[in-house]
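The values are calculated or read from the model by the stated rules, or taken from the named source; none is laboratory data. Computed from a predicted model, the values in this text were never measured in an experiment. Every residue, glycine among them, receives a Cβ derived from its backbone with ideal geometry; neighbour counts consider all protein chains shown.
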Amino acid sequence: MHELGITQNIVAIVGEKAGKQKVSRVKLEIGKLSAIMPDSIRFCFDLCAKGTVLEGAVLEIDEIPGRGRCNLCSEEMDLSLLAGTCQCGCREITCVTGQELNIKEMEVV
């Protein structure tokens, strides 16, 4: 489960930015094509936050859908995998959203 390591890094980054201030809320963006399981991040968050300025913080996760753009005709389409075929028949698709992992917001008190 690589989500444990990812969650430890998220807690470390937010904790560093917060300094000694208590963090009450953290908002993440996780792309549906990122191979990161939001439920696993949620599961690990409280464990990783224990004993830090993030302990007790609310974790919010926005899941970003996968979108791709055809390299031939520039048509955009929904992607459920990192591969696809455009309506024009082209298989060269560039992923434009869905691979994100962003710490979008943090709220301190």
Discussion item. Any residue that is over 30 Å from ALA18 (Cβ atoms) and in contact (Cβ under 8 Å) with a residue 24 or more places away in the chain - is there at least one of those in the range 73-80?
Written reply: yes
Practice prompt. Could you list, in sequence order, all residues of the range 15-46 that are part of a loop (DSSP other than H, G, I, E, B) and within 30 Å of CYS88 (Cβ to Cβ)?
Written response: LYS32, LEU33, SER34, ALA35
Worksheet item: Which one of CYS70, CYS44, CYS95 is surrounded by 16 or more Cβ atoms within 10 Å (Cβ to Cβ) and touching a helix residue (DSSP H, G or I) at 6+ places or on another chain (Cβ under 7 Å)?
Response: CYS44
Item to complete: Identify all residues within the range 65-106 that are assigned to a loop (DSSP other than H, G, I, E, B), in contact with a strand residue (DSSP E or B) (Cβ under 7 Å, 6 or more places away or on another chain) and of a type in the set (S, T, N, Q); write none if there are none.
Response: ASN71, SER80, GLN99
Discussion item. Looking at the range 15-29, can you tell me whether even one residue there is surrounded by fewer than 17 Cβ atoms within 10 Å (Cβ to Cβ) and over 14 Å from VAL108 (Cα atoms)?
Written reply: no
Discussion item. Name the single residue that is nearest to the chain's Cα centre (by Cα) among those in the range 47-59 being surrounded by 13 or more Cβ atoms within 10 Å (Cβ to Cβ) and either assigned to a strand (DSSP E or B) or in contact (Cβ under 8 Å) with a residue 12 or more places away in the chain (or both).
Written reply: LEU59
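Residues checked against (1) modelled with pLDDT of 95 or more; (2) under 26 Å from VAL96 (Cβ atoms); (3) not charged (D, E, K, R):
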| position | (1), (2), (3) |
| --- | --- |
| ILE6 | yes, yes, yes |
| SER24 | yes, no, yes |
| LEU28 | yes, yes, yes |
| GLU55 | yes, no, no |
